[in-house]
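Peer 1: Quick one: the structure is below, and I'll ask about it shortly.
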Amino acid sequence: MQNILQEIGIHNYVMLSALLFAIGAFGVLYRRNAIIMFMSIEIMLNAVNLLFVAFSTYHQDSQGQVFVFFSMAVAAAEVAVGLAILVSIFRNLGSIDIDKLKTLKG
């Protein structure tokens with residue numbers, strides 16, 4: 001794996017991660033659908049995880065890869081809770097549009 005990383009170069013991984021993070025940030029800021037927003041947050045999280053693994057491999061240290069493992073476990077729990085909340089909101093409102101959630105203010 002070290003040989004492949006040296007051939008490709010760490011800057012390529014940084015650029016790919018920055019592109020993925022920018023796509024995710026665009027999705028969170030400009031989309032009003034809650035599912036698209038959750039997917040965009042996951043893209044941003046995966047961009048950071050890619051950097052952790054790339055730098056971990058580059059420095060020949062496994063701590064970044066272990067952190068990614070735990071980060072993915074927390075992300076899976078986050079998705080499960082988030083989708084449960086979205087299903088509850090859809091049952092009450094009939095839509096998951098973020099703008100319609102403003103009516104839930106008490």
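The values are calculated or read from the model by the stated rules, or taken from the named source; none is laboratory data. Just so we're clear, the structure is a prediction, and the values are computed from it rather than from any experiment. We place every Cβ from the backbone using ideal geometry, glycine too, and count neighbours over all the protein chains shown. Surface areas here come from the heavy atoms of the whole protein model, side chains and all, with no ligands, DNA or RNA. Shrake-Rupley method; radii C 1.70, N 1.55, O 1.52, S 1.80 Å.
Peer 1: Where in the stretch 1-71 are there helices (runs of 4 or more DSSP H), lying fully within it, with 2 or more residues that are aromatic (F, W, Y)?
Peer 2: Values: elements: 2-8, 10-30, 34-58.
In the stretch 1-71, the matching helices (runs of 4 or more DSSP H) lie at 10-30, 34-58.
Peer 1: Restricting to the stretch 16-27, give me the number of residues that are more than 11 Å from the chain's Cα centre (by Cα), open to solvent by 60 Å² or more (accessible area, probe 1.4 Å) and under 11 Å from L50 (Cα atoms).
Peer 2: 1
Peer 1: If you don't mind, there's one more thing I want to ask. Could you pull out the residue among V87, V81, V74, V68 that is within 25 Å of L19 (Cβ to Cβ), out of contact with any Cys (no Cβ under 6 Å at 6 or more places or on another chain) and open to solvent by 50 Å² or more (accessible area, probe 1.4 Å)? Before the answer, list the steps.
Peer 2: Working: V87 fails: within 25 Å of L19 (Cβ to Cβ); V81 fails: within 25 Å of L19 (Cβ to Cβ); V68 fails: open to solvent by 50 Å² or more (accessible area, probe 1.4 Å).
Exactly one of V87, V81, V74, V68 is within 25 Å of L19 (Cβ to Cβ), out of contact with any Cys (no Cβ under 6 Å at 6 or more places or on another chain) and open to solvent by 50 Å² or more (accessible area, probe 1.4 Å), namely V74.
Peer 1: Does any residue in the stretch 58-78 that is of a type in the set (A, V, I, L, M, F, W, C) come within less than 6 Å, Cβ to Cβ, of a residue that is open to solvent by 70 Å² or more (accessible area, probe 1.4 Å) six or more places away or on a different chain, and which pairs are these?
Peer 2: Final answer for the pair search is F67/F52; V68/F52.
Peer 1: Test E42 against the criterion of being within 14 Å of the chain's Cα centre (by Cα), at pLDDT below 95 and closer than 21 Å to L101 by Cα, and give yes or no.
Peer 2: Numbers: within 14 Å of the chain's Cα centre (by Cα): yes; at pLDDT below 95: yes; closer than 21 Å to L101 by Cα: no.
So E42 fails the test.
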